[in-house]
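S.K.: One structure, pasted below without further comment.
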Amino acid sequence: MVKVMAVNAGSSSLKFQLINMPSEEVITSGLVERIGQEVGNFVIKVNGEKIQTQTPIPDHQVAVDLLLNALVDHHIVESLEEIDAVGHRVVHGGEDFDDSVVVDEEAVKKVADLSELAPLHNPANIIGYKAFKEALPDHVGHVFVFDTAFHQTLDKERYLYPLPLEYYTDLKVRKYGAHGTSHKYVSQQAIEMLGNPKESRIIVCHLGNGASVSAVQDGKCIDTSMGFTPLAGVMMGTRSGDLDPAIIEFIANKENKTASEVLNILNKESGVYGLSGVSSDFRDVKAARAEGNKVAAAALDAYAYRVAKYIGAYTAAMNGVDAIAFTAGLGENDDITRKAICEYLGYLGTELDEVKNDVHGETAIISTDDSKVTLLCVPTNEELMIARDTVALVK
Ligand code: ADP
């Protein structure tokens with residue numbers, strides 16, 4: 001048995017799960033947030049109960065020390081020696097990383113160099129790594145798990161944008177995708193649920209606050225909806241997803257804004273939030289629809305339509321589809337949205353079982369026995385995927 005810490009460090013927060021491997025039992029989990037603010041917040045689960053501490057947490061090193069001390073103080077581990085490895089989520093691996101790697105100086109440098117592509121995330125991911133490296137004994141193995149790596153199998157004609165080629169060769173402008181750890185985990189689960197066939201065509205719909213759809217053929221990602229940045233693809237909670245790029249200049253000129261200001265609107269004030277004017281949280285928008293808000297209803301219809309359109313596109317990309325898996329906040333929990341999406345899929349011989357679809361946050365087949373395509377609800381588990389990759393590499 002080894003204990004692996006799966007870490008997701010952001011600029012002001014740090015989420016963690018300590019997992020026993022290979023049993024995959026979660027020993028504890030929690031988060032540190034508001035790092036660098038006047039009062040930080042630390043939550044850790046002890047025997048299933050959440051213990052919350054509010055205290056100043058000036059930087060990530062303090063956050064990591066706080067969390068590691070809490071593990072010992074609450075007897076979750078008897079000493080830090082019990083932690084064998086740490087897996088760190090890294091948002092952008094560019095073209096340098098097509099798989100998880102054991103961290104060395106070169107990997108840290110490459111991740112730092114990629115910060116241009118993920119300025120909010122990669123620097124924070126490195127800070128998180130350094131804090132754990134500093135706090136834990138030297139023999140502890142560290143692994144970087146990249147959110148883009150799973151999408152590195154895309155063929156050139158799929159990841160290139162139809163722009164002058166030098167923007168790719170000189171500036172590395174291309175599709176990278178995101179949510180890769182989730183797409184990898186969920187597609188593996190789906191393949192298992194299909195009985196591990198030799199050939200498989202899976203479409204994964206990761207529908208959370210951010211949303212992306214991917215096409216996974218024989219276990220390899222062949223296309224994904226997010227692009228050079230997570231702004232592309234389906235409509236999301238606050239992001240527009242795909243749109244005519246000329247809109248950016250048009251709005252900028254009309255409203256006297258810069259391109260970055262318009263992009264900020266596309267990232268933070270658009271999507272279901274922008275169209276509904278209600279909220280970025282689908283629960284609120286659904287509640288508004290239930291009260292007769294027609295604008296909210298139209299926003300949700302637009303959302304389901306756009307997800308269905310990607311499913312159609314990826315079915316074409318794979319010349320068919322064996323399973324469609326729904327995951328993340330909305331995909332796992334929202335039977336009504338799943339149904340709305342599946343209503344577009346009758347032409348595939350897809351039949352949603354309305355009784356089986358009444359499932360929330362659990363792994364289940366939600367199609368009828370006769371359905372030509374297996375519909376699945378699969379809770380994502382990025383931490384477990386990180387732990388699996390970490391164990392595989394540090395052994
Ligand atoms: P992220 O990790 O991108 O922040 P999550 O995967 O946690 O997002 O998903 C969060 C979103 O899931 C919320 O915006 C919420 O609208 C949606 N969600 C969660 N539970 C439900 C539910 N029961 N019905 C509809 N939407 C839900």
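The values are calculated or read from the model by the stated rules, or taken from the named source; none is laboratory data. None of these values were measured; they are calculated from a predicted model. For neighbour counting, all protein chains shown are included, and Cβ atoms are generated from backbone atoms with ideal geometry for every residue, glycine included. Ligands, DNA and RNA are excluded from the accessible area calculation, which covers all protein heavy atoms including side chains. Shrake-Rupley method; radii C 1.70, N 1.55, O 1.52, S 1.80 Å.
S.K.: Among the lysines, which fall within straight-line cross-link reach of residue 254, defined as a Cα-Cα distance under 20 Å, with same-chain neighbours fewer than 8 residues apart omitted?
M.R.: 268
S.K.: Under 27 Å Cα to Cα from residue 395, which lysines show up? Leave out anything in the same chain fewer than 8 places away.
M.R.: Cα-Cα hits under 27 Å: 3, 15, 109, 110, 130, 133, 184, 220.
S.K.: Also: Normalising by the residue count of the chain, find the relative contact order in percent from Cα pairs under 8 Å and 6+ residues apart. If you can, show how the numbers build up before the last one.
M.R.: Numbers: 832 pairs, mean separation 56.0, N = 395.
RCO, the chain: 14 percent.
S.K.: Something else now. Rounded to a whole number, what % of the accessible area of the chain do carbon and sulfur atoms account for, probe 1.4 Å?
M.R.: Roughly 49 percent, rounded to a whole number.
S.K.: Now, a different point. Hey, got the dipole for the chain? About the Cα centre, +1 on K and R Cβ, -1 on D and E Cβ, debye to the nearest 20? Before the final figure, lay out the partial values.
M.R.: On the way: 35 positive and 57 negative charges, 164 e Å.
That gives a dipole near 780 debye.
S.K.: Determine ³J(HN,Hα), in whole Hz, for all residues of the range 46-51 in sequence, where each value follows from phi through the Karplus function 6.51 cos²θ - 1.76 cosθ + 1.60 and θ = phi - 60°; x replaces Gly and Pro.
M.R.: Coupling constants for the range 46-51: 10, 6, x, 9, 7, 10 Hz.
S.K.: In addition: Could you tell me which of rounded, prolate or oblate describes the range 296-375, using a ≥ b ≥ c as the square roots of the eigenvalues of the alpha-carbon gyration tensor, with rounded for a/c under 1.5 and, failing that, prolate when a/b is larger than b/c and oblate otherwise? If you can, show how the numbers build up before the last one.
M.R.: Details: a/c = 1.63, a/b = 1.07, b/c = 1.52.
Oblate shape, in that a/c is at least 1.5 and b/c is the bigger or equal ratio.
S.K.: In square angstrom, what is the accessible area per residue of the chain with a 1.4 angstrom probe?
M.R.: Values: 18530 Å² over 395 residues.
Per residue, the chain has 47 Å² of solvent-accessible surface.
S.K.: Which of rounded, prolate, oblate describes the range 233-319, given a ≥ b ≥ c as roots of the alpha-carbon gyration tensor eigenvalues and a/c under 1.5 marking rounded, otherwise prolate only if a/b is larger than b/c?
M.R.: Oblate is the answer for the range 233-319, as a/c is 1.5 or above yet b/c matches or exceeds a/b.
S.K.: Explain nothing, just compute: Karplus ³J(HN,Hα) = 6.51 cos²θ - 1.76 cosθ + 1.60, θ = phi - 60°, for every residue of the range 210-221 in order, whole Hz, x for Gly and Pro.
M.R.: So the J values, rounded to whole Hz, are x, 9, 8, 10, 9, 10, 10, 10, 6, x, 10, 6.
S.K.: Mind giving me the FRET efficiency for residue 25 and residue 309? R0 is 45 Å, r the Cβ-Cβ distance, nearest 0.05 is fine. Provide the component values of the computation, followed by the final result.
M.R.: Details: r = 40 Å, r/R0 = 0.89.
FRET efficiency, residue 25 to residue 309: 0.65.
S.K.: Set the Förster distance to 35 Å, then compute FRET efficiency between residue 156 and residue 52 from the Cβ-Cβ distance, nearest 0.05.
M.R.: So, using R0 = 35 Å, E works out to roughly 0.10.
S.K.: A further question follows. Can you return the aspartates and glutamates within cross-link range of residue 339? Criterion is Cα-Cα under 12 Å, with same-chain partners fewer than 8 residues away left out.
M.R.: 301, 351, 353, 354, 358
S.K.: If you don't mind, there's one more thing I want to ask. For the chain, with the dipole built from +1 on Lys and Arg beta-carbon atoms and -1 on Asp and Glu ones, taken about the Cα centre, which of 355, 231, 250 lies farthest toward the positive end?
M.R.: 250
S.K.: Also, quick follow-up: Exactly which chymotrypsin sites (Phe, Trp or Tyr not before Pro) in the range 313-395 are in a DSSP loop and have at most 11 other Cβ atoms within 10 Å? Before the final figure, lay out the partial values.
M.R.: On the way: sites: 314, 326, 344, 347; in loops: 344.
Counting only loop positions with at most 11 other Cβ atoms within 10 Å, none of the chymotrypsin sites (Phe, Trp or Tyr not before Pro) in the range 313-395 qualifies.
S.K.: Just for the chain, what percent of DSSP beta bridges are antiparallel, to the closest 5? Could you put the intermediate results ahead of the total?
M.R.: Details: 42 of 62 bridges.
Counting DSSP beta bridges with both partners in the chain, the antiparallel share is about 70 percent.
S.K.: Moving on. I'd like the Karplus ³J(HN,Hα) series for the range 27-40: coefficients 6.51, -1.76, 1.60, θ = phi - 60°, whole numbers in Hz, and an x wherever there's a Gly or Pro.
M.R.: Ordered by residue, 3J(HN,Hα) equals 7, 7, 8, x, 7, 10, 9, 6, 5, x, 8, 4, 10, x Hz.
S.K.: Here's something else I'd like to know. Along Cα→Cβ, 7 Å out, is where each label goes; now give me the distance between the ones at residue 257 and residue 372 in nm to one decimal.
M.R.: That separation, rounded to one decimal, is 4.3 nm.
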